Amino acid sequence: MANVLFTNVRILDATGAQPYTGDVLIQGNRISRIGRGTRSLPMSGVTVIDGAGATLMPGMVEAHTHLAWTNSKTLDGIQKMPTEEHVLWTAQMAKLYLDHGWTSCVGAATPKPRLDVVIRNAINAGQIPGPRYLAASQEITVTGSLGDDMLPHLPFPEMSFGAVVDGPQAMLKVVRMYLKYGVDQIKLNLSGDNLVPGADARTTWMSDEEVAIACREAKVRGKRVASHARSSESVKQSLRHGVEVIYHASFADEEALDMLEANKDKVFVAPGLSVIIRLLHEGEVVGIDNRTAKNMGYEIELEAAVTSMRAMLKRGIRVLPGGDYGFAWAPHGENAKDLEYFVKYLGLTPMETLISATRWGGQMMMRGKELGEIREGWLADLLLVDGDPLANIGILQDRAKLLAIMKDGEFAKAPEIRSARTRFAA
Ligand SMILES: [Zn+2]
């Protein structure tokens, strides 16, 4: 593909620097040069995109993605889609994320064993459009906890969106199976969840022996482990055994915070606020009114999660947006709402939020030296945004404001090439 020069753009590079006007040259799949000021780089022999003052920022990273979730109202509803339709659905969702500016996604679990791996491979082979993707295993769980949807009279494992195992040997076998399939990340459900009757968010389900053997086996193969860990004990269990991606962590107590801080260079936390906030305040769309949501414990969990995340951010722990979109109350594509939640609930500035979604995201994708910032030599994953996300973080929720989306040097959405005009008064 031709080399591309973005000229006359406001560069928000996610290094922490204030935005500045400049030019950015893309050669192949890399950012090759960055110039300050207008017409600072030569324009011959390249496709010139005049941004007319639009913002050029790194592509966003979704920290907790379930591409295969089906926008269902219930957990078991996710699993009921037959495999053939499910593959097609997941491929469509991969495109949808890219079309919304998510150029990378961290897979947080898939409801059928190979769905994530197959979709990742198809994206990487150029068969289907989609973000850079780290493929996850199914949610590995234990009898009675989140992900075990078997009914007493229908004891079929296929009914569950999780892989249900009990005991270290069963754990070892299932972890080895997912490693054989080629996952990038093993997912363990350590805590319960308020969506599960009898296994609420503050309960912890997996034994230390089970977690230990899973983590040891994944590490031997050079793979990472992620945990569903809402309870305080499950956060500590994650850290005791070397889990590096901790999802939720709502009820982390002081000891858990200390342990997180001691591991802050290795660990990523993604609270996945959408489930809590949406069910509490917008649950009516699926027939859950505010009182029911409160009875399910969501008011208590939101307060705990906000307190925990604020404490983590103060301690320099990387907390990232994204998570658990793909339910009826928070459908795929609305993920940028999480950025607004970070500003509104966690008290981050829009700049801090964007750094979390891009720079820290690149680190979470395990490519922290080449992904997530606009720097010379780094990968060309970029968004050209019509407006200023620092003035209004909400514009990233509007697909129409994404004038161009580039992943790996190629346009997923090509801009209209037009002559210079002013987008901003100042
Ligand atoms: Zn999840």
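The values are calculated or read from the model by the stated rules, or taken from the named source; none is laboratory data. Computed from a predicted structure; not experimentally measured. Neighbour counts run over all protein chains shown; Cβ positions are idealised from the backbone, glycine included. Protein only, heavy atoms only, side chains kept; ligands, DNA and RNA dropped before computing areas. Shrake-Rupley method; radii C 1.70, N 1.55, O 1.52, S 1.80 Å.
General observations
- Entry remark, region 24-40: residues being in contact with a Lys or Arg (Cβ under 7 Å, 6 or more places away or on another chain) and open to solvent by less than 10 Å² (accessible area, probe 1.4 Å) number 1 in total.
- Contacts under 6 angstrom Cβ, first residue in region 320-345 being at negative phi, partner of a type in the set (Phe, Trp, Tyr) and within 13 Å of the ligand (Cβ to nearest atom), 6 or more apart: 332/325; 335/325
- Test for residue 187: is it within 14 Å of the ligand (Cβ to nearest atom) and not aliphatic (A, V, I, L, M): yes
- Selection status of residue 279, among the hydrophobic types (A, V, I, L, M, F, W, C), part of a helix (DSSP H, G or I) and within 16 Å of the ligand (Cβ to nearest atom): yes
- Residue among 254, 209 that is at pLDDT 95 or above, of a type in the set (D, E, K, R), under 20 Å from residue 169 (Cα atoms) and surrounded by fewer than 24 Cβ atoms within 10 Å (Cβ to Cβ): 209
- Selection over region 310-336 of residues that are of a type outside the set (Gly, Ala, Ser) and away from the ligand (no atom under 16 Å from the Cβ) gives a count of 7.
- Candidates 192, 198, filtered to the one that is buried (at least 24 other Cβ atoms within 10 Å of the Cβ) and touching a residue at least 12 places away in the same chain (Cβ under 8 Å): 192
- Helices (runs of 4 or more DSSP H) (entirely within region 51-158) containing at least 2 residues that are surrounded by fewer than 17 Cβ atoms within 10 Å (Cβ to Cβ) and away from the ligand (no atom under 16 Å from the Cβ): 83-99, 115-124
- Residue among 199, 229 that is within 16 Å of the ligand (Cβ to nearest atom), small (Gly, Ala, Ser) and within 24 Å of the chain's Cα centre (by Cα): 229
- When we screen 286, 275 for residues that are closer than 30 Å to residue 182 by Cβ and at pLDDT below 95, the only hit is 275.
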